[in-house]
Structures are given as structure tokens and as C-alpha cells.
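*Asks:* Below is one structure. I have some questions about it.
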Amino acid sequence: MAKAVKEVARVPVWCKLTPSTTDIVAEARASFNAGADAIVSSNTFPSLPPIDPETLEFEMNVDGYVSSGGLGGPAILPLSLAKMAQMTQAFPDKAFSGIGGIADFSHALNYFLLGCGTVQVCTAAMLDRAIGPSVIKALNEGLAAFLEANEERGWKTVEDFRGLRRDRVVTHSKIRRPDGKGYFGGQDAPEGYAAPQAVEKA
Ligand SMILES: Cc1cc2nc3c(=O)[nH]c(=O)nc-3n(C[C@H](O)[C@H](O)[C@H](O)COP(=O)(O)O)c2cc1C
């Protein structure tokens, strides 16, 4: 599909991927191999509305019935970041555009730090007079304030901090664990139990 579009397109072709896949890196690889100029991610995540505990009805329904629908907005920011990190690590020299859960610059910054050169907004824009004038204004102002706050680092554009945290995403085995006594297998320190009694030796 991307190849067919690329053959006739006179503008750059960006492929937007669904996150509803086991290995999104494989999808990105196929897109780049077909000539895609950039990858956009994420599309919405498959979801169902929660069930109201009193009425036992889905919060949104038609005659009591629901179908799986795409979820966007704040809930998908961490999910979408995980997908994006997989791809920007696999293809650090390729172009990526981040979307999913962005409503202000602090959200967008995540995507930039993981390696995206641009970001996009859907849900927050829809909630902002349907086209997002305030959201876009706040994003631009947030970027300007961030650059100003980091002036001493010499940052002037997104390119100056793009990908700065891309390599901080590692496998579980590379995460340092506390050693010795203070570590309770990743659980909180034991609470509510009597401290072990000292046993007096006879
Ligand atoms: C109501 C609605 C309609 C959408 N329609 C499209 C569409 O036609 N094409 C598309 O690529 N993505 C579409 N999306 C997905 C969004 O562009 C976006 O990828 C997703 O919602 C995540 O971003 P967000 O958290 O900013 O909403 C739609 C999303 C919503 C909520």
C-alpha cells in the first residue's frame, strides 16, 4: 500500500500505524521498506466503555449494545509512548511523528525526547472548539517557554533535544535493583506484621 502511494505521490508519505499489533517495529520496518518518509503513531487503542456498577449498562451504548471502539486522549499517552520508543530505538535515523494523549507541551515533550521530530493532536483539539486553537497556542507557548528555560544549554529548536531520552528505555534486566536487606522482592516493606521476635538461646 505504502509503495503504491509512494510511486505516485509528489509529497512526503507518512504512514500512520495502529497500536493494535504485537510487534509494531515489524510494521514500521515494512513501511520504511516500502518508501515511507515518516511513521505516525499511535492511532487509537481498541477499547470498551466501562460498565456502570448501578445500572449494569455500558456507559455508552445503543439499545444496551456496544462494539469495540478507538480510545484516544490522556489514557493512551503512556501506551503510545511505549510503542513509539520501540520504533525510535529500532530506527534512530528515521523520522517519527508522535500522537496519542497530547494536550499540552509537557505531553508533547515526551515524544520529542523519545526521538519524534513533530507531534499531532486529536482528542484535545476536538474538545477545544473542535479544531483546537487554544491547544495549538498552548503547545507553541509551551515550546517557547521550554526553549527559554533551557537557553543556557544552547537549545534553539526541537532538534536540539530530540531523542535525548531514547536510550533510557531498556529491558527489565538492565534496571538496577536495590540490594540486600531493603529489598522485598519489589513489594513494599512488610507492614502490619509483628517484627520477628528475638529467640533467646538456651
Ligand atoms: C473520533 C475520532 C476519529 C478519528 N478519526 C481518525 C481518522 O479518520 N484517521 C486517522 O488516521 N485517525 C483518526 N483518529 C485517531 C486520531 O487521529 C489519533 O491517532 C488518536 O485519537 C490518538 O490521539 P489523541 O490522543 O490526540 O486523540 C480518530 C480519533 C478519534 C477520537
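Every read-out reported here was derived from the displayed coordinates using simple, explicitly stated rules and does not represent laboratory data. Owing to the predicted nature of the structure, the values given are computational and were not obtained by experimental measurement. Note that we place each Cβ from the backbone using ideal geometry, even for glycine, and neighbour counts take in every protein chain shown.
*Asks:* Relative to the first principal axis of the alpha-carbon coordinates of the chain, what is the inclination of helix 133-149, with its axis defined by its Cα atoms, in degrees from 0 to 90 and to the nearest 10?
*Replies:* Helix 133-149 sits at roughly 70 degrees to that axis.
*Asks:* Working from Cα positions, state the angle (0 to 90°, nearest 10) between the long axis of helix 77-90 and the longest principal axis of the chain.
*Replies:* In the chain, helix 77-90 runs at an angle near 70 degrees to the longest axis.
*Asks:* Between ILE99 and residues 5 or more places away or on another chain, which pairs have amide H atoms under 5 Å apart, with H built 1.01 Å from N, and which residues are they?
*Replies:* SER41, SER42, GLN120
*Asks:* Restricting to Cα pairs below 8 Å that are 6+ residues apart, what does the relative contact order work out to for region 82-130? Please round to a whole percent. It would help to have the intermediate numbers written out before the result.
*Replies:* Details: 51 pairs, mean separation 19.1, N = 49.
Value for region 82-130: 39 percent.
*Asks:* Let me ask you something else. Each label point is 7 Å from the Cα along the Cα-to-Cβ direction; what then is the distance between the points at GLU141 and THR171, in nm?
*Replies:* Using points 7 Å along Cα→Cβ, the separation is 4.6 nm.
*Asks:* Can you tell me how the chain classifies by the Cα gyration tensor, rounded, prolate or oblate, using a/c under 1.5 as the rounded cut?
*Replies:* Note, shape of the chain comes out prolate.
*Asks:* Shifting gears a bit: Starting from the Kirkwood Rh over alpha-carbon pairs, what translational D in µm² s⁻¹ does region 23-136 have by Stokes-Einstein at 4 °C and 1.567 mPa s?
*Replies:* Result for D is 83 µm²/s.
*Asks:* What length, rounded to one decimal in nm, is gained on full extension from ALA90 through to ASN61, with 0.36 nm per residue of separation minus their alpha-carbon distance?
*Replies:* On the way: separation 29, 0.36 × 29 = 10.44 nm, distance 4.01 nm.
The span from ALA90 to ASN61 would gain 6.4 nm if fully extended.
*Asks:* Now for a separate question. Given LYS94/LYS156; LYS6/LYS174; LYS94/LYS174; LYS3/LYS174; LYS83/LYS174; LYS3/LYS156, which pairs have Cα atoms separated by over 29 Å?
*Replies:* Over 29 Å apart, Cα to Cα: LYS6/LYS174; LYS3/LYS174; LYS3/LYS156.
*Asks:* Over what distance in Å are the Cα centres of region 141-179 and region 26-81 separated?
*Replies:* Cα centroid to Cα centroid, the span is 27 Å.
*Asks:* How far is it, in nm, from the label point at TRP155 to the one at ILE51 when both lie 7 Å from their Cα along the line to the Cβ?
*Replies:* According to this spin-label approximation, the distance is 4.6 nm.
*Asks:* Report, to the nearest 10°, how far helix 105-114 tilts away from the longest principal axis of the Cα atoms in the chain, using its own Cα long axis and a range of 0 to 90°.
*Replies:* Here the helix axis deviates by roughly 90 degrees.
*Asks:* How far apart, in nm, are two points set 7 Å out from the Cα along the Cα-to-Cβ line at ALA30 and at ASP179?
*Replies:* Distance between label points: 4.7 nm.
*Asks:* What FRET efficiency comes out for GLU148 versus LEU127 if R0 is 22 angstrom and r is the Cβ-Cβ distance? Round to the nearest 0.05.
*Replies:* 0.20
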